[in-house]
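**Student:** Sharing a structure with you now.
The values are calculated or read from the model by the stated rules, or taken from the named source; none is laboratory data. Here the structure is a predicted model, which means the values were calculated and not measured. Don't worry about glycine lacking a Cβ; one is built from the backbone with ideal geometry, like all the others, and counts go over all protein chains shown. Just so you know, the surface numbers come from the protein's heavy atoms only, side chains and all, with ligands and any DNA or RNA stripped out. Shrake-Rupley method; radii C 1.70, N 1.55, O 1.52, S 1.80 Å.
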Amino acid sequence: MVELSFEYWNQLTSQLIVISSLLGGFSITAVANFLVSNLNGKLARSIIKAAIVASSSFIVAIFAMNKIFMATTPGYPSEVNASDLMMPRLIGFAAFLLGILSLITMIMLTGWTRSKPMGWFTTIIGIVALLLIMMMIY
């Protein structure tokens, strides 16, 4: 396996911080909207749970990626080697992927609050989006 340079990690984490911030903000907004809506029931609770998991995951990803970003920035006050970044990498990427899965789940579930055809539409779009996202990540 090729070891990535610190410069590359610095740029990669910079991008993931921005993406996670935007998606986390979107997820938090969705949580707030569902909490003030008058939707009650199992489906609404599932959507809120998915949005909360997404929000929390993106926040964790931001902090994990920030740790890597700072450690790979020139002038960092401590000596850093690749093994020091392993834990934040694992936690950050796992949280980022969990956030994406939860966000897509939330999108897939929201259509079911309106009608069965809308539910099928959002589910199909969510599956296609998830497949395309996973193809672009790996």
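**Student:** Highest first, please rank the peptides 42-52, 121-131 by the mean number of other Cβ atoms sitting within 10 Å of their residues.
**Tutor:** 42-52, 121-131
**Student:** Then there's this: Relative to the longest principal axis of the C-alpha atoms of the chain, give the angle of the C-alpha long axis of helix 116-137, reported between 0 and 90° and rounded to the nearest 10°.
**Tutor:** Around 10 degrees separate the two axes.
**Student:** OK, next. Between Leu43 and Trp120, what FRET efficiency comes out of the Förster formula 1/(1 + (r/R0)^6) with R0 = 22 Å and r the beta carbon distance, rounded to 0.05? Could the numbers behind the result be given before it?
**Tutor:** Working: r = 14 Å, r/R0 = 0.65.
The computed FRET efficiency comes out at 0.95.
**Student:** Measure nothing but the geometry: give the 0 to 90° angle between the long axis through the Cα atoms of 6-36 and the longest principal axis through the Cα atoms of the chain, rounded to 10°.
**Tutor:** Here the helix axis deviates by roughly 20 degrees.
**Student:** Also: Ignoring ligands, DNA and RNA, what percent of the accessible area of the chain is carbon or sulfur (1.4 Å)? Could you put the intermediate results ahead of the total?
**Tutor:** Details: 6200 of 8680 Å².
Solvent-exposed carbon and sulfur of the chain make up 71 percent of the total.
**Student:** Return the whole-Å distance between the Cα centroid of segment 92-138 and the Cα centroid of segment 20-37.
**Tutor:** Their Cα centres are 15 Å away from one another.
**Student:** Right, another one. Taking 22 Å as R0, compute the FRET efficiency from the Cβ-Cβ separation of Ser78 and Asn10 and round it to 0.05. Please report the intermediate quantities before stating the final value.
**Tutor:** On the way: r = 15 Å, r/R0 = 0.70.
With a Förster radius of 22 Å, E is 0.90.
**Student:** Label-point separation (nm) for Ile133 and Asn33, each offset 7 Å from Cα along Cα-to-Cβ?
**Tutor:** 1.6
**Student:** How compact is the chain by the rule of thumb for globular proteins, expressed as Cα Rg over 2.2 N^0.38 Å? Please list the in-between numbers first.
**Tutor:** Values: Rg = 17.6 Å, N = 138, 2.2 N^0.38 = 14.3 Å.
So the Cα radius of gyration is 1.23 times the expected 2.2 N^0.38 Å.
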